[in-house]
Amino acid sequence: MADTIHCSLQAKRLLLDPKFEGYKLSLEPLACYQLGLDAAVAEVHLRDDQYTLDHMRAFGMYNYLHLDSWYQDNVYYVDQFGRVMNLSVTLDTALQKPREVFRLPTDLTACDNRLCASMHFSSSMWITLSDGTGRLYLIKSGKRGSSASEKWEIVFNEELGSPFIIAHSVSFVKSDTHSLAVLLLRVEKDELDTKGSGFHITLEWVTIAERKEGDHRYEIIKRRILQGKSVPHYAAIEPNGDGLMIVSHKPFKFLQSESDKLEENDDAKVSNEKKDPLYYWQQTEDDVTITVHLPQDITKDDIKIHFSPDNICVTLKDQPPLMEGKLYSSVDHESCTWIIREDKSLEISLIKKNEGPRWPELIVGDTRGEFIMDSSQCSEIAESLMHLTSEVMNPNPEKENPPCNAQELEECDAFLEDGASLCRFDGDTLKITHVINLGSNQYLFSVVVNPREMPCFCLRHDVDALLWQPHSDQPENMWEHIATFNALGYVQASKQDKKFMACAPDYSYAALCECLRRVFIYRQPTPLSTVLYNRKEGRQVGQVAKQLVATLEANDPILGFQATSERLFVLTTKTLFLIKVNSGN
């Protein structure tokens, strides 16, 4: 962590609207189309042994509808017969039934501990697919979205251990070799965890490359595993496969090989040895006392100590100075003394020039010493801080200017998890290179704006929701603020039944859906065609942001939710709904 750069997210002020007046409910009708499915979606319910919040987040809230960002308005899902079904939309009034593009070779019902099937579109020609039983498929698809050119061909498939879901994948060419990097997510039993949930999360980073023999076959060339204690909100591999970014509540770290662990233990021993203090010091209002343990062969003649008003230098024999540097505050150097005590320790007494103030450190910038506080000083400090604490809840509510008024906080301002962080891991060193403490910037959702870039993530900043685009190739601008959804951070917090959130890749609207039926759409502010006045302030309103609500004719729970620039796709167990949000150009 020594080389880790601590960063912060810099919002662009031009993308913020401090005068935003809220959303106006619009009753304009939304065109909604529905397609009945030939077979139900392959939903996998949580088992009795999948009872933790992490199981619910990873698998219970899984989005069964997959958007292909490389082709416009192209979505996929897997049905209960193991068929990968596709719907590609060009004209809403001429919708075709979802068509089969691929069938999983394995019988899904034969595996008792399977997870939901998952997929990710690595490029315009490559797909990674999991059947939920622990097998990974690498598929070459041809141009997708068209029955004439879309042909899914298995190029690689291998059993990779316990069941997983695919979190992300990328396709890239390095040293003239085509490779794919895939991120696999598992929630695994942790026998050593007796106080927590009893489970840990693993992210396996698998790199698959074309063999050098030129036979167009692929093989695994690298497998690396990260482990953490919470399901990541966001996990994505950089486009060139060189790094990884994770947003999570609890930290992740790479599991090392045995040889690496041995080296790390050796380093830890060395660092522990270094941590033994070189000297101990105490202070009163008048003086400072320093104690240094001397080697056995040191005599009084071997010790040289030089005092000056602002500096001290202690030398043993002809060695480099043991202690040297600028003192925190001035001393009366002519009154300073030193003696060798019976236990072979050197005791140095410094007389403070300015009586009273406590020194936070002895020598400026020197961390090799340890300050020892006596019991009377501890009591004195505790007493001075007593007014800041109390054993009684809110002992004096009528006191003028209380430090915090809990009544000013609303329920939707409370976050389940404070202290999430965004970390960037280097693929070679497996170390964290950049970290951002997100604090109360609650994670909301992710969206692919440009499929050649990493997915964007949306965070709550105060009441707004800000969209951030990672740039792994721009160290000075690694996370760029690209769009703002005004007041969405506040609005979404009031929707207690929300299941999925999304936004259009062109930022024209954001949307969220509840577990059943209802979909809420929040448009960006647009200029008004008529004159509208704010009665309170007596000024003309130039633009308005509209909120729209759609209620689906379905009793089944919503299983999938995806947004494109023109449409919202909503998947239930037996129906696929299309909501026309924007008109095409």
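The residues packed around Cys515, meaning those with a beta-carbon under 14 Å from its beta-carbon, carry a net charge of +1 if Lys and Arg are +1 and Asp and Glu are -1. For the chain, the longest principal axis of the alpha carbon atoms and the long axis of helix 258-274 meet at an angle near 30°. Think of the chain as having a plus end and a minus end, set by charges on the Cβ of Lys, Arg, Asp and Glu; of Phe254, Thr4, Leu95, Leu95 sits farthest toward the positive end of this dipole. Working note: Cα atoms of region 419-576, range along each principal axis, descending, whole Å: 58, 48, 30. Based on protein heavy atoms only, region 1-54 ends up with 76 Å² per residue of surface accessible to a 1.4 Å probe. Look at where the Cα atoms of region 284-323 and of region 97-163 average out, and the two centres are 72 Å apart. Computed from the C-alpha gyration tensor, the three semi-axes of the ellipsoid equivalent to region 279-367 are 22, 13, 12 Å, from longest to shortest. The ratio of the alpha-carbon radius of gyration of the chain to the globular-protein estimate 2.2 N^0.38 Å is 1.27.
Rounded to the nearest 10 degrees, what's the angle between the helix 375-384 long axis and the longest principal axis of the chain, both from Cα atoms, 0 to 90? Approximately 50 degrees, to the nearest 10. For the pair Tyr51 and Ser376, the difference between a 0.36 nm per residue extended length and the Cα-Cα distance amounts to 111.8 nm. Each residue, Glu285 and Asp38, gets one label point 7 Å from its Cα in the Cβ direction; the gap between the two is 9.1 nm.
Output the peptides 139-152, 358-371, 487-500, 58-71 sorted from most to least packed, where packing is the average of other Cβ atoms within 10 Å over each peptide's residues. Display every interim value, and only then the final one.
On the way: 139-152: 15.4, 358-371: 13.9, 487-500: 17.1, 58-71: 19.4.
Descending mean neighbour count gives 58-71, 487-500, 139-152, 358-371.
As a length-normalised measure over Cα pairs under 8 Å and 6 or more apart, the relative contact order of the chain settles at 14 percent. Ranking Pro309, His333, Pro321 by how far each Cα lies toward the positive end of the dipole of region 279-367 (charges on Cβ) leaves Pro321 at the top.
In whole percent, how big is the carbon plus sulfur part of the accessible area of the chain, probe 1.4 Å, protein atoms only?
C and S fraction of accessible area: 49 percent.
Name the shape class, rounded, prolate or oblate, that the alpha-carbon gyration tensor gives for region 1-80, where a ≥ b ≥ c are the square roots of its eigenvalues, rounded holds for a/c under 1.5, and otherwise prolate holds if a/b is larger than b/c and oblate otherwise.
Values: a/c = 2.07, a/b = 1.18, b/c = 1.75.
Here region 1-80 falls in the oblate category.
About the Cα centre, and with charges only on the beta carbon of Lys, Arg (+1) and Asp, Glu (-1), how big is the dipole of region 279-367? Nearest 20 debye, please. Write down the numbers at each step before the final one.
On the way: 9 positive and 17 negative charges, 22 e Å.
Here the size comes out at about 100 debye.
The magnitude of the dipole of the chain, with charges of +1 and -1 set on the Cβ of Lys/Arg and Asp/Glu and taken from the Cα centre, is near 3020 debye. Please identify every one of the trypsin sites (Lys or Arg not before Pro) in region 9-56 that sits in a loop by DSSP and has no more than 14 other beta carbons within 10 Å of its own beta carbon. Hits after loop and neighbour filter: Lys12, Lys19, Arg47.
Peptide packing for 188-198, 122-132 was compared via the average number of neighbouring C-beta atoms within 10 Å per residue; ordered from the highest value, the list is 122-132, 188-198.
Quick check on region 137-183: take the gyration tensor over C-alpha atoms, sort the square-rooted eigenvalues as a ≥ b ≥ c, and tell me if it's rounded (a/c under 1.5), prolate or oblate. Working shown, then result.
Details: a/c = 2.02, a/b = 1.26, b/c = 1.60.
Oblate, because a/c is 1.5 or more while a/b does not exceed b/c.
Please report the antiparallel percentage of DSSP beta bridges with both residues in the chain, rounded to the nearest 5. The partial results should precede the final answer.
Details: 152 of 160 bridges.
Here the antiparallel bridges make up roughly 95 percent for the chain.
For region 279-367, report the accessible area per residue in Å² (1.4 Å probe, heavy atoms, rounded to an integer). Numbers along the way, then the final one.
Working: 5210 Å² over 89 residues.
Per-residue value: 59 Å².
The values are calculated or read from the model by the stated rules, or taken from the named source; none is laboratory data. Just so it is clear, the structure is predicted and the values come from calculations on it, not from any experiment. Methodologically, a virtual Cβ is constructed for each residue, glycine included, from the backbone with ideal geometry; neighbour enumeration extends over all protein chains shown. Quick note on the areas: whole protein, heavy atoms, side chains included, nothing else; ligands and nucleic acids left out. Shrake-Rupley method; radii C 1.70, N 1.55, O 1.52, S 1.80 Å.
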